[in-house]
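Novice: Encoded as structure tokens, here's the structure I'll be asking about.
The values are calculated or read from the model by the stated rules, or taken from the named source; none is laboratory data. In this text the structure is predicted, and so the values were computed from the model without any measurement. Positions of Cβ are generated from backbone atoms using ideal geometry, with glycine treated the same way; all protein chains shown enter the neighbour counts. Side chains included, ligands, DNA and RNA excluded: accessible areas come from the protein's heavy atoms. Shrake-Rupley method; radii C 1.70, N 1.55, O 1.52, S 1.80 Å.
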Amino acid sequence: MKLTDRIRYVGVDDLSTVLFERQWPLPYGVSYNSYLVVDEKIALIDTAAAGFREGFLANIKQEIGDRKIDYLIVNHMEPDHSALQAAVRLEYPDCTIVTNQKAVPMIEGFNGLTENVMTIREGESLSLGASTLQFFMVPMVHWPETMVTWCPEEKTLFSGDAFGTFKALKGNVTDSKSNTFEDFKDEMTRYYASIVGKYANPVQSALKKLGGLEINRICSTHGPVWENQVADVIQYYDKLSRYEASHGVCLAYGSMYGNTEKAALALAEAISKCGIPCAVHDLTEENYSFALRDVFKFDTIVLGSPTYNNGIFPPVRQLMEGICDRQVKDRRFFAFGSCTWAPASVKLLNEMASAAGFEILGEGATFKQGYEPSKFDAAALAALV
Ligand SMILES: Cc1cc2nc3c(=O)[nH]c(=O)nc-3n(C[C@H](O)[C@H](O)[C@H](O)COP(=O)(O)O)c2cc1C
Ligand SMILES: [Fe+2]
Ligand SMILES: [Fe+2]
């Protein structure tokens, strides 16, 4: 598909994979985006995931017919973009792989390619004829070898996973009135929270480094090509990587026999009645990436966990560890949960939240056996509102 005379989209939609990286659900699929820059020389920027070889090569042929690819630019080596490098080399044996030094051993290690690899350094350019590709390193967004490719003549940034989002394109390759940033915001947040969230500092450094470019188009490796809402998308990434959140509650819980759940639902209702947005997640029903998304969205985290073997109920512990692992900052925190003989979960959650630097709202609410509203609602609400 033609984005401009020179820039073509040759990516593919994945509507069948259930779990991205075998852990993040894809209710709306995902796209693996790849682009051609067609000039006197032709460059292909990144490839696609294993299993899409035929469709991917067909997309390339459709754009360039019998012409050959001169350069394969490797921005990122995660296999969702690098798995078809050997297939490209087989189809276009003379193409030169262009990448940075850190990616070279990865290309060999994953795909066995060592010949005709050209390494470039920060800021170096490659001429394709009338157009140029310039390379900027953005290490740890979210792998060490990650770089982005800038085409100044087209004011286009090939950004790798940065600004990427889950959700397949189904033919709507660019953002438009019927394919807006708002339509993708939740899935972009979930992608960021799950995959990139730990690397806020590298994202901030990358944003600063790229801040001087006059970007008209962002070609990410997942989700739409941003043409109309470039500024919104950059601003949102800036916000996410500063851990900025709006006022609201992400209330996530796990419950074996329903006692902690009763408290969770009562608390959610009470919070909503106060006019505060409250997203509720049952962590025994749902992958924790949905709650993580709302942890990045809202300024208050409320977690409900029964005490389990003198500890935190495992699904809740997984989320809390995920939050700590991503070094989430500037949040308010409240914990509650049922136990039967000796409480531990609330205390342990509060300790983790304290270590993360969160503001602890009250001491939390533990109750023995069954939940009754009188046991903690007043205290909990007073702390939260
Ligand atoms: C495997 C297992 C381990 C438990 N470990 C503890 C414990 O260490 N301390 C405690 O007070 N209660 C423990 N309990 C009891 C639960 O915390 C109690 O049943 C609680 O009410 C469950 O809340 P729920 O209805 O929200 O699942 C355990 C229960 C199970 C099934
Ligand atoms: Fe990646
Ligand atoms: Fe990716």
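Novice: Expressed as a rounded percentage, what relative contact order does the chain have, with Cα pairs under 8 Å and six or more residues apart? Write down the numbers at each step before the final one.
Specialist: Details: 805 pairs, mean separation 42.9, N = 385.
Contact order relative to length: 11 percent.
Novice: Continuing with this model, one more query. In terms of the Cα gyration tensor, with a ≥ b ≥ c the square roots of its eigenvalues, is segment 247-384 rounded because a/c is under 1.5, prolate because a/b exceeds b/c, or oblate?
Specialist: Rounded shape, in that the Cα axes give a/c under 1.5.
Novice: How are the Cα pair distances of segment 45-169 distributed, in percent, across 10 Å bins from 0?
Specialist: 12, 45, 38, 5
Novice: Can you pull the percent of segment 247-384's accessible area that's carbon plus sulfur, 1.4 Å probe, other chains left in place?
Specialist: Roughly 51 percent, rounded to a whole number.
Novice: Still on this model: Ordered by packing density, taken as the mean number of other Cβ atoms within 10 Å over each peptide's residues, highest first, how do 294-302, 34-42, 331-339 rank?
Specialist: So the peptides 294-302, 34-42, 331-339, ranked by packing, come out 331-339, 294-302, 34-42.
Novice: Another question, if that's okay. LYS347 to GLN235: FRET efficiency via 1/(1 + (r/R0)^6), r the Cβ-Cβ distance, R0 30 Å, to the nearest 0.05?
Specialist: With a Förster radius of 30 Å, E is 0.15.
Novice: Amide H neighbours of HIS281 under 5 Å, counting only residues 5+ apart in sequence or on other chains, H built in-plane at 1.01 Å?
Specialist: Here LEU251, ALA252, TYR253 satisfy the definition.
Novice: Find the centroid of the Cα atoms in segment 81-109 and in segment 192-214, then give the distance between the two in whole Å.
Specialist: 25 Å
Novice: About the Cα centre of the chain, how large is the charge dipole given +1 on each Lys and Arg Cβ and -1 on each Asp and Glu Cβ? Please answer in debye to the nearest 20.
Specialist: Here the chain has a charge dipole of around 580 debye.
Novice: From the P(r) of segment 175-274, can you give the percent of Cα pairs sitting at distances over 24 Å?
Specialist: Counting pairs separated by more than 24 Å, the tail of P(r) holds 41 percent.
Novice: Go through ALA380, LEU265, GLY337 and say which Cα lies farthest out towards the positive end of the charge dipole of segment 247-384; charges sit on Cβ, +1 for Lys and Arg, -1 for Asp and Glu.
Specialist: The listed residue farthest towards the positive side: ALA380.
Novice: Among THR146, THR260, THR132, determine the one that fluctuates most according to a GNM of the chain built with springs between C-alpha atoms less than 10 Å apart.
Specialist: THR132
Novice: Around TYR308, which amide H atoms from residues at least 5 apart in sequence, or from another chain, sit under 5 Å from its own amide H, with H modelled in the peptide plane?
Specialist: Under 5 Å from the amide H of TYR308 lie the amide H atoms of PHE313, SER345, each far enough along the sequence or on another chain.
Novice: So what is the 222 nm mean residue ellipticity for the chain from helices alone, if each DSSP H run of at least 4 adds -39500 (n - 2.57) and you divide by all residues, rounding to the nearest 500 deg cm²/dmol? Could the numbers behind the result be given before it?
Specialist: Working: 12 runs with 120 residues, N = 385.
Result for the chain, helices only: -9000 deg cm²/dmol.
Novice: Then there's this: Rounded, prolate or oblate for the chain? Axes are the square roots of the Cα gyration tensor eigenvalues, ordered a ≥ b ≥ c, and the cut-off for rounded is a/c under 1.5.
Specialist: Taking the square roots of the gyration eigenvalues as a ≥ b ≥ c, the chain is prolate.
Novice: Name the long-range amide H neighbours of ASN100: under 5 Å, sequence gap of 5 or more, or other chain; modelled H, no Pro or chain starts.
Specialist: Correct list: ILE120.
Novice: I'd like to check one number: the per residue accessible area of segment 7-241, probe 1.4 Å, reported in Å² as a whole number. Please list the in-between numbers first.
Specialist: Values: 9060 Å² over 235 residues.
It amounts to 39 Å² per residue over segment 7-241.
Novice: Tabulate in residue order the Karplus-calculated ³J(HN,Hα) for segment 246-253, using 6.51 cos²θ - 1.76 cosθ + 1.60 with θ = phi - 60°, rounded to whole Hz; enter x for Gly and Pro.
Specialist: Running phi through 6.51 cos²θ - 1.76 cosθ + 1.60 with θ = phi - 60° gives 8, 5, x, 10, 9, 9, 10, 8 Hz.
Novice: Let me ask something else. Please work out the Cα center distance from segment 111-180 to segment 269-305, rounded to the nearest Å.
Specialist: A separation of 35 Å, based on Cα centres.
Novice: Give me the percent relative contact order of segment 247-384, please, defined on Cα pairs under 8 angstrom at least 6 residues apart. All intermediate terms of the calculation are to be shown ahead of the outcome.
Specialist: Details: 275 pairs, mean separation 35.1, N = 138.
Averaging sequence separation for qualifying contacts and normalising by length gives 25 percent for segment 247-384.
Novice: 7 Å from Cα along Cα→Cβ at both LYS2 and LEU90: what's the point-to-point distance in nm?
Specialist: Roughly 3.2 nm, to one decimal.
Novice: With just the Cα atoms of segment 100-147, tell me how far they stretch along each of the three principal axes, in Å, largest first.
Specialist: Over segment 100-147, Cα extents along the principal axes are 34, 26, 12 Å.
Novice: Along segment 81-90, what does the Karplus equation 6.51 cos²θ - 1.76 cosθ + 1.60 (θ = phi - 60°) give for ³J(HN,Hα), rounded to whole Hz, x for Gly and Pro?
Specialist: 10, 10, 4, 9, 4, 5, 5, 5, 5, 5
Novice: Here's a follow-up. For segment 14-41 and segment 310-385, what is the separation of their Cα centres, given in Å?
Specialist: 37 Å
Novice: Here is a further query. Of the DSSP beta bridges with both residues in the chain, give the percent that are antiparallel, rounding to the nearest 5.
Specialist: DSSP beta bridges in the chain are roughly 45 percent antiparallel.
Novice: Among 104-112, 219-227, how do they line up from the highest to the lowest mean number of other beta-carbon atoms within 10 Å?
Specialist: Values: 104-112: 15.4, 219-227: 25.4.
Averaged packing, sorted descending, gives the order 219-227, 104-112.
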